[in-house]
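The values are calculated or read from the model by the stated rules, or taken from the named source; none is laboratory data. Keep in mind the model is a prediction, meaning the values are calculated, not measured. Don't worry about glycine lacking a Cβ; one is built from the backbone with ideal geometry, like all the others, and counts go over all protein chains shown.
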Amino acid sequence: MTVLVLTLIILVGAYVAGLVGSLTGLGGGVVIIPLLSILLHVNIHYAIGASLVSVIATSSGSAAAYVKEGITNMRLGMFLEIATTSGAITGAVMAKYLPVQYIAILFGVVLIFSAVTSLIKRAEYIERKKSKPAEILKLNGTYPSNGEPIAYNVTNVGGGFLMMILAGAMSGLLGIGSGALKVVAMDGIMRVPFKVSTTTSNFMIGVTAAASAVVYLQRGYIDPGLAMPVVIGVLLGAFTGSKILVHSQSKKLKYFFAIVVTVLAIQMIYKGISGTL
């Protein structure tokens, strides 16, 4: 196989990964890593390195739009980034010492959890209870709804912060955005409205991935020849997915692609257990 043919295959695969990631809300990394490691037999550390670069690119683009709309809680995001970046660096360092088989199994488990989480429909809940740490840190905020600002309070700051360290560690170790874990931390633990938690998570993902990418770059796991077609493909796929989502029944699409992602996850787990990765 020539370099040109391999690059085109990666480009097309990354496009599909970006499309699936956009339609499911899971991000392109959940598909690009199994694609590179299982189908193209790329070393999983190089696959994770390329995925992290694509996560930075896609997060930067979409996060800007949400910030402009005033939905993202930037103060909350920047505070929790302290936890996610420290966790991400720890996870990236651990990746060197953890056997590839264990990384594959863990990736598959997190993938299934993320797929299930993406299908759960959450109702908007406004927390009225006030938290002293949140008030001191000025984490409470508002978001626009039907032209009106809706005020909300943030609770259980310590619990959310600890969960964010875990989310960051998973991002650094597995090369994915860990958006599902971030949303669980903000939506389930800190009681942030779902719309705010998803957009704030998107804002944080790029910074978390950048922290991990530095470690992978220092170890030589980010190959420009591999990362370039991955980034271009994922960006184009994510853009197409956002256009399709507007004119389609997103619920049916999410169920279909969640099944696809689950199949990939089972493949990763099987490869990890059998030691054939």
Please verify whether G220 is modelled with pLDDT of 85 or more, surrounded by fewer than 21 Cβ atoms within 10 Å (Cβ to Cβ) and part of a loop (DSSP other than H, G, I, E, B), treating the condition exactly as stated.
yes
For the range 67-82, indicate whether the set of residues that are small (G, A, S) and under 21 Å from G188 (Cα atoms) is non-empty.
yes
When you scan the range 165-183, do you find a residue that is in contact (Cβ under 8 Å) with a residue 40 or more places away in the chain and in contact with a Pro (Cβ under 6 Å, 6 or more places away or on another chain), even just one?
no
Scan the range 131-186 residue by residue and report those that are of a type in the set (A, V, I, L, M), assigned to a loop (DSSP other than H, G, I, E, B) and under 30 Å from I44 (Cβ atoms).
I176
Among residues of the range 118-156, those that are surrounded by fewer than 20 Cβ atoms within 10 Å (Cβ to Cβ) and under 22 Å from the mean Cα position of the chain (by Cα), counted
6
Condition first: at pLDDT 85 or above, surrounded by 17 or more Cβ atoms within 10 Å (Cβ to Cβ) and in a helix (DSSP H, G or I). Can you find one or more residues in the range 65-72 that meet it?
no
